[in-house]
Number of protein chains: 2
Amino acid sequence: MPRPANPETRSRLLKKGGDLVSSRGFNATGVQEITAAAGVPKGSFYNYFDSKEAFAVEVLSEYWDSVVELYGWILTDDRTSPLSRITRYFAGLADFHERRQYAFGCLIGNMALEVTPSSEEVRAKLATIYREWSTSLTDCLREAQVRKELAPGRDASQLAAALIDTFEGAVMRAKVERSRAPFDSFERCVLPCLLA
Amino acid sequence: MPRPANPETRSRLLKKGGDLVSSRGFNATGVQEITAAAGVPKGSFYNYFDSKEAFAVEVLSEYWDSVVELYGWILTDDRTSPLSRITRYFAGLADFHERRQYAFGCLIGNMALEVTPSSEEVRAKLATIYREWSTSLTDCLREAQVRKELAPGRDASQLAAALIDTFEGAVMRAKVERSRAPFDSFERCVLPCLLA
């Protein structure tokens, strides 16, 4: 019979395991390494998660929740204009990657490329995150249209998707070049063009 | 003493092993699986490659060479205008991903996110590929400037990098959504904005 689950242990498994997955990749990280990092016996992993894929879904949830908590508010901060919020929002995300020295990339993009082919569970979670991310940007872009900052004919939802794709591509190149240059190029070249 | 290397075996290891790496990811693919797929004994892998990372560098070379061979010519095809070449070039790449049902992603992006943190050898190869890719697009954009298709004040090299980043981000989302929509959005929304 499994021991009763301890929320503190669960949270430590997600935090320590999530760090390993972020730095080494999902496939390269074994359950044993996750439990060792969290200081719990290997077998107890399955008291908390049905599978390594279920664990990945939870790690993604925590990552996405923390991004939303740290930066999501910027997109609805009505003290500034909608388009300037979008610029500030992505600058915030770029700072986030800079603080991590561009080494980890974005867990959403990492999982999208590494885990999607092998896990429908993870793919479905990523599709949900993409939808939420896209919706938060679309709402801000629509507000920009209402306030005449953005032409009414622009497809806000397509534009939101394009912003996400370009940003994720910049995260990828920043990881290879280990520099902020891709984010600078996003800020100086892509954003002004797309939001014109 | 190692057996003499056989170019046909080497090529089969790269082809079959490259397919495995593309579909499952690098870390999830073991040397034994690569040799089994190529039908050679495990030990012979090291007659051909110093390490799994050295193998990854060769797989990336072959992938990039095949992309250049299939689509690179479009960017210098002077029967059409430079900007229409760029549109045709990315449409060709989107077709490439569609034929693979969006399942594999781009090996360059996959490796950038998965292998870069753990292998300086792979990171350096990816940086070289990014530079070559960027240069081929920059040259075409500069030709567009000479032919007055693109404003002379635009930074062609920054624009080239932005095109690559957005396209790679679209490949990523296509893998999650399993649809061409991200490429359509790239073609209809991003390209016209960036090349305006």
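The values are calculated or read from the model by the stated rules, or taken from the named source; none is laboratory data. Predicted model, so just to flag it, every value in this text is computed and none were measured. All Cβ positions, glycine included, derive from the backbone under ideal geometry; neighbour counts span all protein chains shown. Just the protein is used for accessible areas: all its heavy atoms, side chains included, with ligands, DNA and RNA removed. Shrake-Rupley method; radii C 1.70, N 1.55, O 1.52, S 1.80 Å.
Find which of A:117, A:81, A:160 sits farthest along the positive direction of the dipole of region A:52-194, computed with +1 on the beta-carbon of Lys and Arg, -1 on that of Asp and Glu, about the Cα centre.
Looking along the dipole axis, the top candidate is A:81.
With point charges of +1 on the Cβ of Lys and Arg and -1 on the Cβ of Asp and Glu, referenced to the Cα centre of chain B, which listed residue (B:189, B:137, B:41) lies farthest in the positive direction of the dipole?
B:41
Determine the shape class of region A:151-196: with a ≥ b ≥ c the square roots of the Cα gyration tensor eigenvalues, call it rounded for a/c under 1.5, and otherwise prolate if a/b is greater than b/c, oblate otherwise.
oblate
Order A:138, B:135, most accessible first, counting only protein heavy atoms with a 1.4 angstrom probe.
Per-residue accessible area, sorted high to low, gives B:135, A:138.
What is the mean number of Cβ atoms from other protein chains located within 10 Å of the Cβ atom of each residue in peptide B:127-134, rounded to a whole number?
2
Classify the protein assembly as shown from the C-alpha gyration tensor, please: rounded if a/c falls under 1.5, else prolate or oblate depending on whether a/b exceeds b/c.
Verdict is oblate for the protein assembly as shown.
Go through A:69, B:8, B:53 and list them by solvent-accessible area, largest first, probe radius 1.4 Å.
From most exposed to least exposed: A:69, B:8, B:53.
Just tell me how shielded B:177-188 is by partners: mean number of partner chain Cβ atoms within 10 Å of each residue's Cβ, no decimals.
3
Express the relative contact order of chain B as a whole percentage, based on alpha carbon pairs under 8 Å and six or more residues apart in sequence.
20
Between the alpha-carbon centers of region B:43-114 and region A:126-196, tell me the distance in whole angstrom.
Between the Cα centre of region B:43-114 and that of region A:126-196, the gap is 25 Å.
Averaging over every viewing direction, what projected area does the convex hull of the Cα atoms of region B:1-49 cover, in nm²?
3.1
Which helices count as membrane-span-like in chain A under these terms: full DSSP H, at least 27 Å along the axis by C-alpha, Kyte-Doolittle mean of -0.5 or more?
For chain A, where a helix must reach 27 Å along its axis and average at least -0.5, the hits are A:52-71, A:120-146, A:156-177.
Placing +1 at every Lys and Arg Cβ and -1 at every Asp and Glu Cβ, with all other atoms neutral, what dipole size does the protein assembly as shown have around its Cα centre, in debye to the nearest 20?
For the protein assembly as shown, the charge dipole is close to 220 debye.
Taking H placed 1.01 Å from N in the peptide plane, check which residues at least 5 places from residue A:116 or on another chain put their amide H under 5 Å from its amide H.
Long-range HN contacts for residue A:116: none found.
Okay, helix-only estimate at 222 nm for chain A: each DSSP H run of n ≥ 4 adds -39500 (n - 2.57), divide by all residues, round to 500 deg cm²/dmol; what do you get?
That comes out to -22000 deg cm²/dmol.
Assigning unit charges at the beta carbon (Lys, Arg +1; Asp, Glu -1) and nothing else, what dipole magnitude in debye, to the nearest 20, does region B:1-49 show about its Cα centre?
Using only the charged Cβ atoms, the result is roughly 60 debye.
Excluding residue B:57 itself, calculate the net charge of residues whose Cβ lies under 9 Å from the Cβ of residue B:57, where each Lys or Arg counts +1 and each Asp or Glu counts -1.
-2
Please state the charge dipole magnitude for chain A, taken about the Cα centre, from unit charges on C-beta atoms (+1 on K and R, -1 on D and E), reported in debye and rounded to the nearest 20.
With Lys and Arg at +1 and Asp and Glu at -1, about 340 debye.
Amide H to amide H, which residues 5 or more places from residue B:150 or on other chains are under 5 Å from it, using H placed in the peptide plane?
It is B:145, by chain and number.
In what sequence, largest accessible area first, do B:29, B:76, A:80 appear using a 1.4 Å probe?
B:76, A:80, B:29
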